[in-house]
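Undergrad: My structure is below; once you've seen it, I'll send some questions.
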Amino acid sequence: MRNKEELLKELYPLLENELYQEIKCDEIPFCVLPNGIDHIINSRDKRKIKNTECVICKFNKTCNGFFPEAKHLIEHVKDLPAEIILEVTDKCNQDCYYCFNKYEYKTTTRNVRKELSKKELFAIIDKIRDFGLKYIRFSGGEPLLRKDIFELMNHAKGLKIWLNTNGTLVNETNSNQIQKYVENVLIPLNGYDEESDFKITKVQDSFKKKLKAFDLLKKLKIRRAGIVLTKENVNNLAKFWQIQKQQDITFLEFYRPITLKPDVETLKKAIDDIYRLNIKNKTNFKIANALPFCLHRPEITSKISLGSIYDDGHNRLVVSSDGSVKPSYYFTKKIGNALSDSFYKIWNDEFMISLRNNEFLPEICIKCKYKIPCLGGSRALAHLKGNIKERDVLLI
């Protein structure tokens, strides 16, 4: 059997064609392809074994082991989050009705909560580095509202820095600073033109400022545009592909609205249209937050959705602007505080371990073909509704 480097060199290009054909691997364990475990057949073959590397691997509870002939490929994956998202402020110069923080503070205490000081944020950044992580994402609110944002980024040097910004405050001066520190930026496109964007943000010239931000940040390795799948956006999805081509945006990524009263038919249409437009434009853009694959045509949904495997506390932590830590943007449950608790303690909290071990899946999901990476859709919304083991609100 080939070595790991040769194997991955052949596998990754194949996985880019998942829109056109199903790609599955049945002779390798999760640790060989940790960012693509949805492409691994996790069979319970009696010939599969585990060794001491498996005992300390983050996938030990979910991976069924490896065939003896693949022993040379085994290399345990440390049980760490891929990134920590640091909300450096809750202040924002926009007022989007579907803001992901609406269930926590947007509608009550936004713009009045006390922010963490620069010294406190320095301490949290040091903890992130000491925890052994490689990625930090600065988010908010709108992080560029902090006057010391570049001091924070400078303190995070050595980590790979990502930035979530609404783009309206990016200008000729600070764009150079952003490109000095940041390798990956996410800017939301709340609409496809000035009028549709204003309906969401309530900010004049917001759309124009965002397009200018993409242009000013052309030196960045990755520039992503985030689109919430509102009814108006879904009815005009093709226009986002036009914007992507015109602005040379690296990726479009889509989000189901996080709400207890979802528009199911609009999301079904979105699934069909994203798949069709990906095929037409030879792209591979995804729905990035948790979405149950059984909502609509799972053989198609599985090709254009990342599922929950990168969401709901499976792969990252979010530090709120008051220092409290939650499993994802959408969870209201707090898991300790980044100032007083270690990230090791938080990541290994009983609730977090249960999330990662898929102990909160609805019973109907446990034997589903699409269990990974779907993982039952949004556990955050199920938790918010009152029963974390309940089916996703889209299915009720």
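The values are calculated or read from the model by the stated rules, or taken from the named source; none is laboratory data. Being a predicted model, the structure only gives us computed values, none of them experimental. Note that each Cβ is placed from the backbone with ideal geometry, even for glycine, and that neighbours are counted across all protein chains shown. Surface areas here come from the heavy atoms of the whole protein model, side chains and all, with no ligands, DNA or RNA. Shrake-Rupley method; radii C 1.70, N 1.55, O 1.52, S 1.80 Å.
Undergrad: Tell me, what is the per residue accessible area of the range 1-60 in Å², probe radius 1.4 Å?
TA: Working: 3850 Å² over 60 residues.
Computed with neighbouring chains in place, this is 64 Å² per residue.
Undergrad: Right, another one. Taking Cα centroids, how far is the range 67-98 from the range 114-170 in Å?
TA: Between the Cα centre of the range 67-98 and that of the range 114-170, the gap is 16 Å.
Undergrad: Note the full-extension length gain between residue 123 and residue 23 as 0.36 nm times their separation in residues minus their Cα-Cα distance, in nm to one decimal.
TA: Numbers: separation 100, 0.36 × 100 = 36.00 nm, distance 4.34 nm.
This chain segment gains 31.7 nm when fully extended.
Undergrad: Ordered by packing density, taken as the mean number of other Cβ atoms within 10 Å over each peptide's residues, highest first, how do 7-14, 70-77 rank? Please list the in-between numbers first.
TA: On the way: 7-14: 12.9, 70-77: 15.6.
Going from most to least packed, we get 70-77, 7-14.
Undergrad: Which of the peptides 200-207, 320-327 is most tightly packed, and how do the rest follow, judged by the mean count of other Cβ atoms within 10 Å per residue? List each step's numbers first, then the result.
TA: Working: 200-207: 18.2, 320-327: 21.8.
Descending packing order for the listed peptides: 320-327, 200-207.
Undergrad: Still on this structure: With mean projected area of the Cα convex hull in nm² as the read-out, I listed (1) 18.9; (2) 21.2; (3) 24.9; which label goes with the value calculated from this structure?
TA: Comparing each candidate, only (1) matches the computed number.
Undergrad: Follow-up. Rounded to whole Hz and in sequence order, give me ³J(HN,Hα) for the range 186-192 from the Karplus expression 6.51 cos²θ - 1.76 cosθ + 1.60, θ = phi - 60°, writing x for Gly and Pro.
TA: 10, 10, x, 9, 6, x, 9
Undergrad: Hey, another quick one. In the structure displayed, which of 9/160; 303/367; 9/58; 369/389; 134/209; 219/245 lie more than 21 Å apart, Cα to Cα?
TA: Working: 9/160 23 Å; 303/367 19 Å; 9/58 23 Å; 369/389 19 Å; 134/209 31 Å; 219/245 16 Å.
With Cα atoms farther than 21 Å apart: 9/160; 9/58; 134/209.
Undergrad: Let me ask something else. So what is the accessible area of the range 163-286 per residue, in Å², with the probe set to 1.4 Å?
TA: Numbers: 5540 Å² over 124 residues.
Each residue of the range 163-286 exposes 45 Å² on average to a 1.4 Å probe.
Undergrad: For the range 225-317, what is the Kirkwood estimate of the hydrodynamic radius, computed as the reciprocal of the mean inverse distance between distinct Cα atoms, to one decimal in Å?
TA: Working: mean 1/r = 0.0739 Å⁻¹.
After inverting the mean inverse Cα-Cα distance, the result is 13.5 Å.
Undergrad: With springs connecting C-alpha atoms under 10 Å apart, model the chain as a Gaussian network and identify which of 134, 269, 46 has the largest mean-square fluctuation.
TA: 46
Undergrad: In whole percent, how big is the carbon plus sulfur part of the accessible area of the range 142-274, probe 1.4 Å, protein atoms only? Show your work: numbers first, answer last.
TA: Working: 2860 of 5810 Å².
Carbon and sulfur: 49 percent of the exposed surface of the range 142-274.
Undergrad: How do 283-292, 299-308 rank on mean C-beta neighbours within 10 Å, highest first? Could you put the intermediate results ahead of the total?
TA: On the way: 283-292: 22.7, 299-308: 21.2.
In decreasing order of mean packing, 283-292, 299-308 become 283-292, 299-308.
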